[in-house]
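One structure below.
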């Protein structure tokens, strides 16, 4: 309103001045003066509006940016909880979905760098920083079984440009066993043993621990990703197999860590399984041919470890189930190619491939086979419009949860067998004691018999000597009788 009043006063003053000037000015001059004033006034008004609009837009942009940052912060808080928390908050998305996470594959929650001290047969695990109190309705760890790993320096050499004084990261390097949470506070957990595979590290902890909510799963990209980070390689950069092999020898598969002599066939095959994972067979053989000191001159994986990569030259003739069927106890939650066996992880749909789509098929299905019921499965290329790109090696994954369950079951059977053997040994020991007592008694009887036999032989010798003496005396008497008889006969004549 003030600006309008000022403009109105100026306009009235201009009109008055123009009226007096028109007495001596030409009317054209008067007209241009009025038009100039109107144009200047319009420009001033437009400039003011532009300035006002720009100010409003800048303020709106700043408000939107602050609002976006606030929403991002709130979203992160809703997803993961407090950033300083060592666990997921009760009101976070992760906290709400905790029950679902417990039944899905993966590592679940992980608590790292915890200091541990022995407390009798139990362990006190102290968090690096106290967990926030989540209230009575929060997710509790009490009575939950966790998997304990001893931490150590990461077996990864420093990359180029890394600060020499920067301490290497500490990572889980050795499995200790499963433990059960029997008491918990925001600062610590009290753990009781469930199944311990490293009694020495459990009874006398010398390192910090990591506690896993789920037993970790083996993955194909673990080694390659670690090497790419150290070598500072892009995701799509080609990996030098010789450099990857050195990386494994100096770190993850160091001979001292795996307990295998370095210059042996066994160690070379172990390195091959990790070095050649996902590498085409032709590339593998070319690399082997270029190595002068190889023990094995040819890499020959099993048929189930070879996969064939195909490119569709047209649309697939049928749909395919993305997820797999199988037995969780033997197959694990995922197949070797990453298809989900666990039903809760299924996508629940089928797909039909388009031209130029690339798929990988195991060599058995690629070549076709005959089922036990006599049904013939034709080779994959004969059923779909595809062309072969390459054949490559896939390292069989180690199913740690299944191996742990098998080890636990085997340990239980060993314990039962040990108990049975101990009982059998006790029976055998008692029988042996009885046998030894009988042998001792027989030895005594034998000694007594031998003594009797010796006495009998002595008596027999005495009797024999007496008999010989008596016989000789009798013979002498007979001779005397015969002499007397001869004398009697002579007298009688």
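Taken together, the values in this text are just the output of simple stated rules run on the coordinates, not laboratory data. Computed from a predicted structure; not experimentally measured. Here the Cβ positions follow ideal geometry from the backbone for every residue, glycine too, while neighbour counts run over all protein chains shown.
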> Among 248, 146, which comes first, then next, by fewest other beta-carbon atoms within 10 Å?
Replying inline: 248, 146
> For residue 256 and residue 73, what does the FRET efficiency come to when R0 = 45 Å and r is the distance between their Cβ atoms, rounded to the nearest 0.05?
Replying inline: 0.45
> Separation between the residue 382 and residue 265 pseudo-spin-labels, each 7 Å from Cα along Cα→Cβ, expressed in nm?
Replying inline: 3.7 nm
> What ranking of 287, 209 emerges when the number of other C-beta atoms within 10 Å of each C-beta is taken as an exposure proxy, fewest first?
Replying inline: 287, 209
> Can you put 384, 417 in order, fewest other beta carbons within 10 Å first?
Replying inline: 417, 384
> Ranked highest first by average number of other Cβ atoms within 10 Å, how do 110-123, 448-461 line up?
Replying inline: 110-123, 448-461
> Which order do peptides 262-272, 367-377 fall in by mean Cβ count within 10 Å, highest first?
Replying inline: 262-272, 367-377
> Between residue 417 and residue 473, what is the spin-label point distance in nm, taking each point 7 Å from the Cα along the Cα→C-beta axis?
Replying inline: 8.2 nm
> Fully extended, how many nm does the chain gain between residue 39 and residue 130 (0.36 nm per residue separation, minus their Cα-Cα distance)?
Replying inline: 25.7 nm
> For residue 371 and residue 488 in the same chain, what is the full-extension length gain: residue separation times 0.36 nm, less their Cα-Cα distance, in nm?
Replying inline: 29.4 nm
> Which of the peptides 224-235, 37-48 is most tightly packed, and how do the rest follow, judged by the mean count of other Cβ atoms within 10 Å per residue?
Replying inline: 224-235, 37-48
>> Can you give me the distance in nm between label points at residue 426 and residue 62, each placed 7 Å from the Cα along the Cα-to-Cβ direction?
In response: 8.6 nm
> Rounded, prolate or oblate: which one fits the stretch 199-264, using the alpha carbon gyration tensor with axes a ≥ b ≥ c (rounded when a/c is under 1.5, else prolate when a/b beats b/c, else oblate)?
Replying inline: oblate
